[in-house]
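Notes to accompany the following structure.
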Amino acid sequence: MKMGCLGFDFSNFQSITAFCLLLMLGFSFSPIGCLGIRSFPEERRFTEAPEYRNGVQCPVTAETQNMVHVAMTLDSEYLRGSMAAIHSVLRHSSCPEHIFFHFIAAEFDPSSPRVLTQLVRSIFPSLNFKVYIFREDTVLNLISSSIRHALENPLNYARNYLGDMLDPSVTRVIYLDSDIILVDDIEKLWKTPLSGSRIIGAPEYCHANFTKYFTDSFWSDPDLPRVFGSRNPCYFNTGVMVMDLQKWREGDYRKKIEKWMELQRQRRIYELGSLPPFLLVFGGLVEPINHRWNQHGLGGDNVMGSCRSLHPGPVSLLHWSGKGKPWARLDEKRPCPLDYLWEPYDLYKPKPKSRPNYQRSKMRLYQHHNLDYSSSNILFGYSNYFI
């Protein structure tokens with residue numbers, strides 16, 4: 001007797017038929033109880049996003065070179081965050097039909113790139129996108145242990161290979177992490193000029209202690225710190241970058257990053273996963289972008305995961321980098337105040353509930369800061385983006 005998932009006898013025709021009917025009806029089975037069958041993401045757990053159309057000012061047609069190209073990773077663990085991020089980009093875009101998404105999915109993701117593709121299409125039927133398969137063995141031998149296990153995920157390093165994976169006709173791309181929300185038109189970020197020989201643009205944070213991103217072994221070495229030469233390197237977050245892929249390919253920057261990853265395996269010169277190689281290659285050579293385009297750190301610190309507030313100034317993009325994620329804290333009924341700004345873009349529906357209310361989320365934030373909700377004053381310079 002051959003017993004399968006849920007105790008089905010697969011030597012029996014009736015049992016096989018019943019099992020197949022259950023699959024056709026949309027039942028999914030845990031991989032723990034059914035190791036031979038991949039679990040299927042349930043499309044009904046996500047609601048279809050609203051249809052977003054171009055404004056009257058948008059060109060009638062858009063050639064590849066005139067599209068706004070956005071690259072993101074796509075995986076089962078952060079799928080909910082990715083769908084909310086896409087939703088926010090479309091919602092605030094003046095020409096949403098002229099955005100093309102390039103999704104990088106791991107070859108051995110539990111849901112498979114094919115299933116993830118079908119899921120994205122079911123949520124965003126009119127979305128312009130392509131899914132690329134990232135072979136994890138490309139980078140596995142280069143990854144070293146990090147302070148957080150999540151930072152060791154091979155997909156974190158997919159941004160290093162965008163120049164190889166994307167079509168050569170794509171010469172510029174915006175890379176975005178999955179735990180972000182845009183509250184402004186992405187075309188403004190797309191038009192950021194990269195002056196001179198600049199390869200990437202990102203908000204820089206020169207007040208941060210740059211030395212802490214590398215070990216004492218690095219700084220005490222007589223040669224390694226010289227990599228910065230006369231440069232004045234500043235910390236920048238790689239979760240939001242404008243990248244010139246043409247210059248990236250011409251300069252073979254993938255190889256330059258891999259060189260430092262290889263040295264890390266031998267010498268242990270940093271602790272933070274995929275970020276330090278970018279700092280070593282591009283520190284002091286980044287086109288500075290306004291801080292409004294990466295209000296990062298909203299996930300809290302990596303030890304306690306405590307709540308954080310916004311940096312001073314206006315906001316165009318909120319980034320929940322760090323240990324905590326807004327969807328997890330909202331589900332646990334222990335949200336940070338700023339998590340309510342992520343909630344209206346959430347398309348996940350684990351059980352029937354009313355659609356998140358934008359005004360209610362905005363009012364909660366006002367109440368938390370003891371501000372007058374009826375006032376037209378701008379909250380930290382960004383409340384007008386949420387209307």
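Observations on the model:
- Verdict on Pro113 being touching a Lys or Arg at 6+ places or on another chain (Cβ under 9 Å) and open to solvent by less than 20 Å² (accessible area, probe 1.4 Å): no
- Checklist (1) over 13 Å from Arg198 (Cα atoms); (2) touching a strand residue (DSSP E or B) at 6+ places or on another chain (Cβ under 8 Å) applied to Met241, failing item: (1)
- Whichever residue in region 176-208 is in contact with a strand residue (DSSP E or B) (Cβ under 7 Å, 6 or more places away or on another chain) and in a helix (DSSP H, G or I) and, among such residues, is farthest from Pro344 (Cα to Cα): Trp190
- Subset of region 209-232 (residues that are under 27 Å from Gly322 (Cβ atoms), in a helix (DSSP H, G or I) and either small (Gly, Ala, Ser) or free of Cβ contacts under 8 Å to residues at least 60 places away in the same chain (or both)): Thr211, Lys212, Asp216, Ser217, Phe218, Trp219, Phe228
- Within region 233-325, helices (runs of 4 or more DSSP H) holding 2 or more residues that are at pLDDT below 90 and either over 16 Å from the mean Cα position of the chain (by Cα) or surrounded by 15 or more Cβ atoms within 10 Å (Cβ to Cβ) (or both): 253-267
- Sole exception among (1) crowded, with 20+ Cβ neighbours inside 10 Å; (2) touching a Phe, Trp or Tyr at 6+ places or on another chain (Cβ under 6 Å) for Tyr205, by number: (1)
- Of all residues in region 118-135, those satisfying the criterion of being outside any strand (DSSP E or B) and buried (at least 17 other Cβ atoms within 10 Å of the Cβ) are Leu119, Val120, Ile123, Phe124, Leu127.
- Residue check, Ser146 in contact with an Asp or Glu (Cβ under 9 Å, 6 or more places away or on another chain), at pLDDT below 90 and not aliphatic (A, V, I, L, M): yes
- Note on region 222-231: among residues that are open to solvent by 30 Å² or more (accessible area, probe 1.4 Å) and out of contact with any helix residue (DSSP H, G or I) (no Cβ under 7 Å at 6 or more places or on another chain), the one that is farthest from Trp260 (Cα to Cα) is Ser230.
Per-residue answers, yes or no, for (1) in contact with a Lys or Arg (Cβ under 9 Å, 6 or more places away or on another chain); (2) of a type in the set (Lys, Arg):
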| site | (1), (2) |
| --- | --- |
| Gly251 | no, no |
| Ile257 | no, no |
| Glu262 | no, no |
| Arg268 | no, yes |
| Ser274 | yes, no |
| Pro277 | yes, no |
| Pro288 | no, no |
| Gln295 | no, no |
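- Filtered residues of region 278-310 (kept if touching a Gly at 6+ places or on another chain (Cβ under 8 Å) and without any contact (Cβ under 8 Å) to a residue 24 or more places away in the chain): Asp301, Gly305, Ser306
- Pairing each residue of region 185-196 that is at pLDDT 95 or above with any residue that is surrounded by 17 or more Cβ atoms within 10 Å (Cβ to Cβ) and in a helix (DSSP H, G or I), provided the two are 6+ apart or on different chains, yields C-beta distances under 6 Å for Ile186/Val89; Leu189/Trp293.
- Residue match in region 168-188 (condition: open to solvent by 10 Å² or more (accessible area, probe 1.4 Å) and of a type in the set (A, V, I, L, M, F, W, C)): no
- Looking only at residues in region 337-352 that are part of a loop (DSSP other than H, G, I, E, B) and at pLDDT 95 or above, the one that is nearest to Ile186 (Cα to Cα) is Trp342.
The values are calculated or read from the model by the stated rules, or taken from the named source; none is laboratory data. Owing to the predicted nature of the structure, the values given are computational and were not obtained by experimental measurement. We place every Cβ from the backbone using ideal geometry, glycine too, and count neighbours over all the protein chains shown. Heavy atoms of the whole protein, side chains included, go into the accessibility calculation; ligands, DNA and RNA do not. Shrake-Rupley method; radii C 1.70, N 1.55, O 1.52, S 1.80 Å.
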